[in-house]
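Undergrad: Before I ask anything, here is the structure I am working with.
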Amino acid sequence: MRTLSAEINKKEGEEVEMLGWVQARRDHGKLVFIDIRDRSGIAQVVFGPDVKNGAGLPAQAGDLRLEYLIKMNGLVKKRPAKMFNDKIPTGAYEVQAKTLEILSRAEAMPISVDGDGYDINEEVRMKYRYLDLRRERMRNNLVVRHRVVKYFRDFLSNRGFLEVETPLLTKSTPEGARDYIVPSRMEKGKFYALPQSPQQYKQLLMVAGIEKYFQVARAVRDEDTRGDRQPEHTQLDIEMSFTTPDEVMSVVEEMTVTMMKELFPQKKMKTPWPRVPYNEAMEKYGTDKPDLRKDGSTHSIDSGQAGSPQAKDPDEIAFAWIVDFPNFELDKQTKEIQPVHHMFVQPKEGSVELIDTEPLKMVSTQYDLVCNGYELASGSIRITDPKLQMKIFKLLGMNEEKAKKDFGHLLEAFSYGVPPHGGIAPGIDRLMMILQNEPNIREVIAFPKTGDGRDPMMDAPSEVDEKQLKELGIKVVKD
């Protein structure tokens, strides 16, 4: 039975079988030392001539190269006290090899995997991402991400939320960002869209009576990338019926605070989280994504520059809720009216009547979660009155025919007994970037895209065969 590297601390005096990659090799003539690496960490293995039937092992081990995959058997021994290595968890023990088998050889590595990788050109790291993920920092990022997502899943499941998957092939509707569209082979000239979010589906689940929904959802948007944005990202999508902004914020705050205490006890975080009105945030900080750390910058990162403001204390975390957003604003370039969040946000009580006279003065039920200068989530109570929803469509320049064409399914659903509902969708990637003190979200995503939206490893996007285009009824016109 296989023994993982991290398990040898409890195996002194036992013979073990180990499988893993060669992390390092040190040749001392009659003795050859290697570090064997697996998913649990690394352990030192000694090849010496004093082992019965093992006289040839040092010579055989001398043929090993970095990243060879090996299988070996050996005896776990405690190292001499002066040879302890306190830099690794298994540093008090080593394995005296008895057998060695090379399972797979490795060519000369195009990138080093034994450091943190920050000094390597990022495009090269992306091209060889399957190697880049072998480094301890990257593997740890994925391990911690798994633990955080599992905590959220367990927390919500234990509170009566139901995890429901929603489609990846949906309808293209004007929701803010550009859609990625997918051509239909069966109905030439028609297209699916990949979801910018599960927004409409989760609202329809409320009509269906699910009441408490969540999903670790993939969201895809054709927009310019930056340090905290990718063409596809992961969000913790949440929706609740018969709820209030206070209840939604309380659920997310309790879930995150308890997760932090269990998984990140070293982090410094003030509770309860402050609730800052939008106008106050703009007047005091000049942004609706303020960095409220004592040692941090008090401005938002909202440019192409990767990374969060570097605080004196990297374990300081400052969450806050921004509330009382306006429903609408003017586009800076076109001067056309547009929603601050999206077109389904319910106005606060007392603001609805302003839609016909002073829509820019309407205050919404939107609430944003910000952390260390980043927006982690936007949420709101949703409009459930079809007449109000149609008024907002028209306010945004959409005639009734267009509104029914794009959103008729939603308007019709709301005519069959719709509960009041609201929700939120915290971004997993941005949260993990902050918690892991990484400079951008690409470091906490297994297979991210480059800053210009490419995948050098898979060479995507790429051209497709002419036969495929013909089947889809598509002709490519190049500029």
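The values are calculated or read from the model by the stated rules, or taken from the named source; none is laboratory data. Predicted model only: the values in this text are computed from it and were never measured. Note that each Cβ is placed from the backbone with ideal geometry, even for glycine, and that neighbours are counted across all protein chains shown. Calculation scope for accessible area: heavy atoms of the full protein, side chains included, ligands and nucleic acids excluded. Shrake-Rupley method; radii C 1.70, N 1.55, O 1.52, S 1.80 Å.
Undergrad: For the stretch 1-112, what class follows from the C-alpha gyration tensor (a ≥ b ≥ c being the square roots of its eigenvalues): rounded when a/c is under 1.5, otherwise prolate if a/b is larger than b/c, else oblate?
TA: Cα axes put the stretch 1-112 in the rounded bin.
Undergrad: List the residues, sorted by chain then number, that are 5 or more residues from Leu162 or on another chain and whose placed amide H is less than 5 Å from its amide H.
TA: Lys212, Tyr213, Phe214
Undergrad: If you don't mind, there's one more thing I want to ask. With θ set to phi - 60°, apply the Karplus curve 6.51 cos²θ - 1.76 cosθ + 1.60 along the stretch 153-167 and write out the HN-Hα couplings as whole Hz, x wherever there is a Gly or Pro.
TA: For the stretch 153-167, the Karplus-derived couplings read 4, 5, 4, 5, 4, 6, 10, x, 7, 10, 7, 10, 8, 10, x Hz, x marking Gly and Pro.
Undergrad: Ok, one more. Which of Lys10/Lys261; Lys188/Lys402; Lys10/Lys30; Lys289/Lys332 have a Cα-Cα distance over 26 Å?
TA: Lys10/Lys261; Lys10/Lys30
Undergrad: Based on the alpha-carbon gyration tensor of the stretch 359-479 and its eigenvalue square roots a ≥ b ≥ c, which shape applies: rounded if a/c is under 1.5, prolate if not and a/b is larger than b/c, or oblate?
TA: oblate
Undergrad: So how many Å³ per residue does the convex hull of the Cα atoms of the stretch 147-280 work out to?
TA: Taking only Cα atoms, the stretch 147-280 has a hull volume of 170 Å³ per residue.
Undergrad: Also: Can you list the trypsin sites (Lys or Arg not before Pro) in the stretch 181-232 that are in a DSSP coil and have 15 or fewer other beta carbons within 10 angstrom?
TA: Within the stretch 181-232, the qualifying trypsin sites (Lys or Arg not before Pro) (loop, at most 15 other Cβ atoms within 10 Å) are Arg185, Lys188, Lys190.
Undergrad: Based on alpha-carbon centroids, what's the gap between the stretch 388-438 and the stretch 1-54 in Å, whole number please?
TA: Between the Cα centre of the stretch 388-438 and that of the stretch 1-54, the gap is 56 Å.
Undergrad: Ok, one more. Quick query: amide H of Lys98 versus all other amide H atoms, modeled in the peptide plane; which residues come in under 5 Å with a sequence gap of 5 or more or a different chain?
TA: Those lying under 5 Å, H to H, from Lys98 are Asn73, Gly74, Leu75.
Undergrad: Along the stretch 435-445, what does the Karplus equation 6.51 cos²θ - 1.76 cosθ + 1.60 (θ = phi - 60°) give for ³J(HN,Hα), rounded to whole Hz, x for Gly and Pro?
TA: 5, 8, 6, 9, x, 7, 6, 5, 6, 10, 10
Undergrad: So, one more: Rolling a 1.4 Å sphere over the protein heavy atoms, what is the accessible area per residue of the chain, to the nearest Å²?
TA: The answer is 52 Å² per residue.
Undergrad: Tabulate in residue order the Karplus-calculated ³J(HN,Hα) for the stretch 203-218, using 6.51 cos²θ - 1.76 cosθ + 1.60 with θ = phi - 60°, rounded to whole Hz; enter x for Gly and Pro.
TA: With coefficients 6.51, -1.76 and 1.60, one gets 5, 5, 5, 5, 4, 6, x, 5, 6, 9, 10, 8, 7, 7, 9, 8 Hz.
Undergrad: Put His146, His233, His409 in order of accessible area, largest first, 1.4 Å probe: what do you get?
TA: The ranking, largest first, comes out as His146, His409, His233.
Undergrad: Can you give the FRET efficiency to the nearest 0.05 for Leu396 and Asp222, using r as the Cβ-Cβ distance and R₀ = 35 Å?
TA: It comes out at approximately 0.95.
Undergrad: Once amide H atoms are built 1.01 Å from N in the peptide plane, which residues 5 or more positions from Gly20, or in another chain, come under 5 Å H to H?
TA: Ile70
Undergrad: Dividing the alpha-carbon radius of gyration of the chain by 2.2 N^0.38 Å (N being the number of residues), what value is obtained?
TA: 1.20
Undergrad: Which residues make up the longest stretch of the chain clear of chymotrypsin sites (Phe, Trp or Tyr not before Pro) that lie in a DSSP loop with no more than 11 other Cβ atoms within 10 Å, not counting the sites?
TA: Formally, the longest exposed-site-free interval is 119-415.
Undergrad: Please calculate the 1.4 Å probe accessible area of Asp246, with all protein chains present, and give it to the nearest 10 Å².
TA: Ignoring ligands and nucleic acids, Asp246 comes out at about 90 Å².
Undergrad: Run the accessible area of the stretch 20-83 with a 1.4 Å probe and give the carbon-and-sulfur part as a rounded percent.
TA: Answer for the stretch 20-83: carbon and sulfur cover 54 percent of the accessible area.
Undergrad: Right, another one. Can you sort Glu67, Glu136 by 1.4 Å-probe accessible area, starting with the largest?
TA: The residues order as Glu136, Glu67, largest area first.
Undergrad: Further, regarding this structure: Please label the shape of the stretch 412-473 as rounded, prolate or oblate, based on the square roots a ≥ b ≥ c of the eigenvalues of the alpha-carbon gyration tensor (a/c under 1.5 means rounded; beyond that, a/b larger than b/c means prolate, else oblate).
TA: oblate
Undergrad: Mean residue ellipticity at 222 nm from the helices of the chain, using -39,500 (n - 2.57) per DSSP H segment of n ≥ 4 over the full residue count, to the nearest 500 deg cm²/dmol?
TA: Helix-only estimate at 222 nm: -7000 deg cm²/dmol.
Undergrad: OK, next. Could you work out the relative contact order of the chain? I mean the mean sequence separation of Cα pairs under 8 Å and 6+ apart, divided by the number of residues, in percent.
TA: Across the chain, relative contact order equals 13 percent.
Undergrad: With the full set of protein chains in place, find how many percent of the accessible area of the stretch 317-435 is carbon and sulfur; take the probe as 1.4 Å.
TA: Within the stretch 317-435, the accessible surface is 51 percent carbon and sulfur.
Undergrad: Additional query: Provide Thr357, Thr334 ordered by accessible surface of protein heavy atoms (probe 1.4 Å), highest first.
TA: Result, largest first: Thr357, Thr334.
Undergrad: At 1.4 Å probe size, with the rest of the protein present, what percent of the exposed accessible area of the stretch 198-273 is carbon and sulfur atoms?
TA: Carbon-and-sulfur percentage of accessible area, whole number: 49.
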